[in-house]
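Visitor: Have a look at this one.
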Amino acid sequence: MEALICREIGDPSLPLSNSSPLLLSRSHPLPELNSPTAVRVRICATSLNFANYLQILGKYQEKHPLPFIPGSDYSGVVDSVGERVSMFRVGDKVCSMASLGSFAEMIVSDEKDLYLVPDGCDLVEAGALPVAFGTSHVALVHRAQLKAGQVLLVLGAAGGVGISAVQIGKVCGAVVIAVVRGSEKRKLLQSMGVDHVVDSNKENLIENVKQYLKKQKLRGVDVLYDPVGGRLMMDSMKLLNWGAQILVIGFASGEVPVIPANIALVKNWTVHGLYWGSYRTHQPKILADSLMELLSWLSKGLITIHISHSYSLSEANLAFAAIQDRKAIGKVMIVLQKKSGPKSKL
């Protein structure tokens, strides 16, 4: 089978060659069913997340021994099942997430880690769902318990997790303020029904949001969703209400902000660190319930997946370049089977 292998730490946006950290193998061994409850899935599409980029650069919090096949969330069709598998049959459409291994034609997972994709859902879109939307759902619904009428401020709102946070915020009935960079991203967020969009390239975040809040007779921001970090996060803290909640999702800016504990004390803020992947180890039921609800929302059209770039395995360096250069608006996907989903447009 074809598989993309990270053979050394380095820049994954380099063209695939002897100098690239990535190698495209066209004769990688098929993964074997390793337990009676194992399921082998023929991958349709796999998502490229910022975490995958950091893994190959060697800058992610979890270090994997070389060589390894990158990849996390994916969708596909069940290819074969272990003798004790009861939840799935060959031909079922499924999605899931893995710590590694989805940048390949086949992957093996235990049946408890797979989720049936509802009829009517596009299979490529289902492959983009688990990490980005799962992160935002657990953060906003489980941790912050976002309520209707609260003000949600989303930084990096045009990225994969940002767009998911915006949509989940609207499903929860929140007043959603989105922060983006660039007019194209601004237009997209406005088209999604966001209550207010700030282009941080052209507008002062603090002044702009304060004017909007005053006009709407709102006191301030109740929940801050931050996958960016850096100066943007520090500025956003000046907009928070007493009792606000801060969701620390990541540091796409490359700068880890320092949240002043004395102000958090006086303002009664709650700071949530959110490492979504660790829920698989510590609270897997929360993760499972979250993804089941998201798949239900996707099938009902309550949320939509915006895919800005799609590539094949042989074009993986271009996919990583789209992440590196901040060209992506929404999700970047690696698509292996272009006609696997009933509504696939690819």
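The values are calculated or read from the model by the stated rules, or taken from the named source; none is laboratory data. Note that the structure is predicted; figures quoted are calculated from it, not measured. We place every Cβ from the backbone using ideal geometry, glycine too, and count neighbours over all the protein chains shown. The accessibility values were calculated without ligands, DNA or RNA, using every heavy atom of the protein model including side chains. Shrake-Rupley method; radii C 1.70, N 1.55, O 1.52, S 1.80 Å.
Visitor: Over the Cα atoms of the stretch 87-163, what Rg and Dmax result, in angstrom?
Guide: Here Rg and the maximum Cα pair distance are 15.3, 45 Å.
Visitor: Additional query: Computed over the Cα atoms of the stretch 153-281, what is the ratio Rg over Rh, Rh following Kirkwood?
Guide: With Rh from the inverse mean 1/r over Cα pairs, Rg/Rh is 0.94.
Visitor: Same structure, new question: What are the semi-axes of the equivalent ellipsoid for the stretch 260-328, taken as the square roots of 5 times the Cα gyration tensor eigenvalues, largest first, in whole Å?
Guide: 31, 22, 15
Visitor: If you don't mind, another one. Looking at the stretch 249-331, which GluC sites (Glu not before Pro) are DSSP coil and have at most 14 other C-beta atoms within 10 Å of their C-beta?
Guide: Here the GluC sites (Glu not before Pro) that fit, given the DSSP loop and packing criteria, are Glu255.
Visitor: If you take the charge dipole of the chain about its Cα centre, with +1 on Lys and Arg Cβ and -1 on Asp and Glu Cβ, which of Ala139, Gln245, Gly277 is farthest toward its positive end?
Guide: Gln245
Visitor: Next up: Report, in debye and to the nearest 20, how large the dipole of the chain comes out about its Cα centre when Lys and Arg carry +1 and Asp and Glu carry -1 on their Cβ.
Guide: With Lys and Arg at +1 and Asp and Glu at -1, about 1040 debye.
Visitor: Another question, if that's okay. Out of these labelled values of semi-axes √(5λ) of the Cα gyration tensor in Å, (1) 30, 22, 20; (2) 35, 22, 18; (3) 32, 24, 23, which was calculated from the coordinates shown here?
Guide: Checking each listed value against the structure points to (2).
Visitor: Using 0.36 nm per residue of separation minus the Cα-Cα distance, give me the extension gain between Met234 and Ser35 in nm, one decimal.
Guide: 66.8 nm
Visitor: Under unit Cβ charges (Lys, Arg +1; Asp, Glu -1), what dipole magnitude, rounded to 20 debye, does the stretch 220-288 have relative to its Cα centre?
Guide: 180
Visitor: How many percent of Cα pairs in the stretch 228-302 exceed 22 Å?
Guide: Here the tail beyond 22 Å accounts for 44 percent of pairs.
Visitor: Okay, moving on. Using a 1.4 Å probe on the protein heavy atoms only, what accessible surface does His282 show? Give it in Å² to the nearest 10.
Guide: 140
Visitor: Separation of the stretch 248-266 and the stretch 47-122 by C-alpha centroid, Å?
Guide: Each part reduced to its Cα centre gives a spacing of 32 Å.
Visitor: Rounded, prolate or oblate for the stretch 171-216? Axes are the square roots of the Cα gyration tensor eigenvalues, ordered a ≥ b ≥ c, and the cut-off for rounded is a/c under 1.5.
Guide: It comes out oblate by the Cα gyration axes.
Visitor: Nearest 5 is fine: what % of DSSP beta bridges in the chain come out antiparallel, could you say?
Guide: Around 55 percent of the beta bridges assigned by DSSP in the chain are antiparallel ones.
Visitor: Top to bottom by accessible area (1.4 Å), largest first, where do Arg7, Arg40, Arg231 land?
Guide: The ordering from most to least exposed comes out as Arg231, Arg7, Arg40.
Visitor: Would you list Lys327, Lys185, Lys217 from the most to the least accessible area, probe 1.4 Å?
Guide: Sorted by accessible area, descending: Lys217, Lys327, Lys185.
Visitor: How big is the shadow of the Cα convex hull of the stretch 132-217, averaged over all directions, in nm²?
Guide: 5.1
Visitor: Would you mind computing, in nm to one decimal, how far apart the modelled labels at Asp325 and Leu66 are, each placed 7 Å from Cα along Cα→Cβ?
Guide: Distance between label points: 2.6 nm.
Visitor: Mind checking the angle between helix 284-300 and the chain's longest principal axis? C-alpha axes, 0 to 90 degrees, to the nearest 10.
Guide: Between helix and principal axis, roughly 90 degrees.
Visitor: In addition: Regarding the stretch 1-64, what whole-number volume in Å³ per residue does the convex hull of its Cα atoms give?
Guide: Looking at the stretch 1-64, the number lands at 124 Å³ per residue.
Visitor: Work out how far the C-alpha atoms of the stretch 212-270 reach from end to end along every principal axis, then list the three figures in whole Å, largest first.
Guide: Extents along the principal axes: 35, 25, 15 Å.
Visitor: At 1.4 Å probe size, what's the solvent-accessible area of Met1? Round to the nearest 10 Å².
Guide: 40
Visitor: Now, a different point. When only the heavy atoms of the protein chains count and the probe is 1.4 Å, how do Ser314, Ser96 rank by accessible area, highest first?
Guide: Largest accessible area first, the list is Ser314, Ser96.
Visitor: To continue, here is another question. Kindly report, to the nearest 10 Å², the accessible surface of Glu207 as traced by a 1.4 Å probe over protein heavy atoms only.
Guide: That residue has around 110 Å² of solvent-accessible surface.
Visitor: In Å², and per residue, what accessible area does the stretch 144-225 have when probed at 1.4 Å with the other protein chains present?
Guide: 44
Visitor: Once every DSSP H run of n ≥ 4 in the chain is given -39500 (n - 2.57) and the sum is divided by its residues, what mean residue ellipticity at 222 nm do you get, rounded to the nearest 500 deg cm²/dmol?
Guide: -8000 deg cm²/dmol
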